[in-house]
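Accompanying notes for the structure given below.
The values are calculated or read from the model by the stated rules, or taken from the named source; none is laboratory data. Keep in mind that this is a model prediction, so the values were computed, not measured. Positions of Cβ are generated from backbone atoms using ideal geometry, with glycine treated the same way; all protein chains shown enter the neighbour counts.
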Amino acid sequence: MLRCLELENCNSKRNKREEETVYNKIHGILACESDLERIKKIASSRTISIWQIKRAKIILGVMEKKSIEKMVIDLRVSPNSIINSMKIFAVAGLDYLNRPARKPTSREASVEKLLSFLEDHYDENSDKWDQVSVKYIGHYFSARQIQKIRNFIKSNPESTQSNIAKNSCLMFGIYQSNGKIKKSQMAAILKRMEMDNLIFLPPVRRSPSCKKKSTPQKKLQKIDTRERIFSQSDIEQIQFIPAFSDKDLALWRQLIEGYHYISNTKLFGAQMRYLVYGGKGIQKTDTLLKTRSKDIIQGEFSKFYQNLFRGKHLLSVIGFAAGSWSLSSRDKFIGWNGRQREASLKYIVNNVRFLILPWVKSPNLASRILGGIARQLPYDWEARYNYKPLLLETFVQLDRFKGSCYRAANWTQIGETNGYSLYPQNGTNIPRAVFVYPLCKNFRKKLLHEDNYNENLKC
């Protein structure tokens, strides 16, 4: 959902007048303090239907002057649902919270069952505590685990959300493949639990040292943007330098924000960002780690590329992040079921950003970059996360591009998305082509049989 929003944040045009009219009507309906308190009570309830809780939280979001984009992220509800809820409430008023529009989804039913169980105060030694559960971001949490989180929050009233996430990872053994805790993922899970009223997190607190200060303006690095045309002989070698240092990360973000049509630089899950250089007589990087012992580079990966003599020309920036949770064309292409997808999804990596700098012109450069990064990424990913990806995926926005460079680099188009619009009444949905690139000949077998995954099998 969030990746789809990125596109729409860049392209959608709001009907401000209509939106303001709806907001004003809602504020008028809830001008009475007792009615507003009723909405707040419903929004924080643990004994009513999830659909009522979500509707109440949407209306509270309006009263708190939250944008639709913010509510989508906070509530994990589609823009259409938020907009429709606002419009109907503006007409029907409080009665809208008494009329269900549909039956609860299986996930909503699981949450309601768990909420009901926690309110019934079962004997703590009962096996039922481990039998009632709900899933968040690929992890199942039982009633006993939810209660442990509640107890920790209650007994540590001064604890921050960050500390609660860290403690939850340690309590439940939620670690990355490289042994580090999944603190960011756990923080996202806790926010979704709070969305469902399973827990209530403390408000975000700023330390005294974090009082508002005048924000210094970003220091932009100087970039020569004069148009340059390179032949293939001018760029004999291409280097992919992982952006780990503050300077490299700042440059990567500066270029994306300044020249990519999706200017948002935030990536989700496991990720890699690269600066792409080219020139003559320089060391290629696409096979550097292939010939080195895993033990030699373990723990030193972030420094491994930093001392290389870089090519004369900065050509491109490219980024990779965690694969999409559910994608019908890709899932059909692989042929896996839900259980197999949950077990093996981490082996799919999404090419979420790719930018040839607009002043750089060179025949076949994009396909050369895609070919080279496909050779290097698996070894870099393994060095950072302790496992190799098996399949790359990407989306190509069809109103802007045809995907020619991906096809030239032997990526395969396997389908299209239906498109997604943050403000569908003000524009059309934008379909995107789905491309994939296998990193192993037997990628499908490994994805379907993750339990039997053998690191020694040759790709």
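In segment 105-148, which residues are under 21 Å from Met171 (Cα atoms) and charged (D, E, K, R)?
Correct list: Glu124, Asp127, Lys128, Asp130, Lys135, Arg144, Lys148.
Cβ-Cβ under 8 Å, sequence separation 6+ or interchain: first residue in segment 233-256 and among the charged types (D, E, K, R), partner part of a loop (DSSP other than H, G, I, E, B). Which pairs?
The qualifying pairs are Asp234/Lys280; Asp234/Ser362; Glu236/Lys280; Glu236/Gly281; Lys247/Gln221; Arg253/Thr265.
Mind listing whichever residues of segment 391-420 are in a loop (DSSP other than H, G, I, E, B) and within 22 Å of the chain's Cα centre (by Cα)?
Passing the criteria: Leu398, Thr417, Asn418, Gly419, Tyr420.
Quick check on my filter: what residues within segment 236-280 are of a type in the set (Gly, Ala, Ser) and in contact with a Gly (Cβ under 9 Å, 6 or more places away or on another chain)?
The answer is Ala243, Gly269, Gly278, Gly279.
Hey, could you check segment 231-279 for residues that are part of a strand (DSSP E or B) and small (Gly, Ala, Ser) and say which is nearest to Gln185 (Cα to Cα)?
Gly278
With the requirement that a residue be of a type in the set (Val, Ile, Thr), assigned to a helix (DSSP H, G or I) and at pLDDT below 90, what does segment 33-84 give you?
Ile50, Ile68, Val72, Ile73, Ile82, Ile83
Got a sec? Which of Gly138, Gly93 is more than 18 Å from Met195 (Cβ to Cβ) and in contact (Cβ under 8 Å) with a residue 12 or more places away in the chain?
One residue alone meets the criteria, Gly93.
For segment 130-140, state whether one or more residues are farther than 20 Å from Cys32 by Cα, among the hydrophobic types (A, V, I, L, M, F, W, C) and out of contact with any strand residue (DSSP E or B) (no Cβ under 8 Å at 6 or more places or on another chain).
The answer is yes, given that some residue of segment 130-140 is farther than 20 Å from Cys32 by Cα, among the hydrophobic types (A, V, I, L, M, F, W, C) and out of contact with any strand residue (DSSP E or B) (no Cβ under 8 Å at 6 or more places or on another chain).
Of all residues being of a type in the set (Val, Ile, Thr) and within 26 Å of Ser231 (Cβ to Cβ) in segment 297-330, which is farthest from the chain's Cα centre (by Cα)? Just the residue, please.
Here the residue is Val317.
Report whether or not Leu75 is of a type outside the set (Lys, Arg) and more than 25 Å from the chain's Cα centre (by Cα).
Answer is no for this residue.
Exactly one of (1) surrounded by fewer than 13 Cβ atoms within 10 Å (Cβ to Cβ); (2) out of contact with any strand residue (DSSP E or B) (no Cβ under 9 Å at 6 or more places or on another chain); (3) of a type outside the set (S, T, N, Q) is unmet by Ala250. Its number?
Every condition holds for Ala250 apart from (1).
Anything in segment 105-132 that is in contact (Cβ under 8 Å) with a residue 40 or more places away in the chain and surrounded by 15 or more Cβ atoms within 10 Å (Cβ to Cβ)? List them, or say none.
Glu108, Val111, Glu112, Leu114, Leu115, Leu118
Have a look at Trp325, Trp336 and point out the one that is surrounded by fewer than 16 Cβ atoms within 10 Å (Cβ to Cβ) and of a type outside the set (D, E, K, R).
Criteria check complete, one pass: Trp325.
For residues that are among the aliphatic types (A, V, I, L, M) and part of a strand (DSSP E or B), tally how many sit in segment 305-352.
Within segment 305-352, residues that are among the aliphatic types (A, V, I, L, M) and part of a strand (DSSP E or B) number 9.
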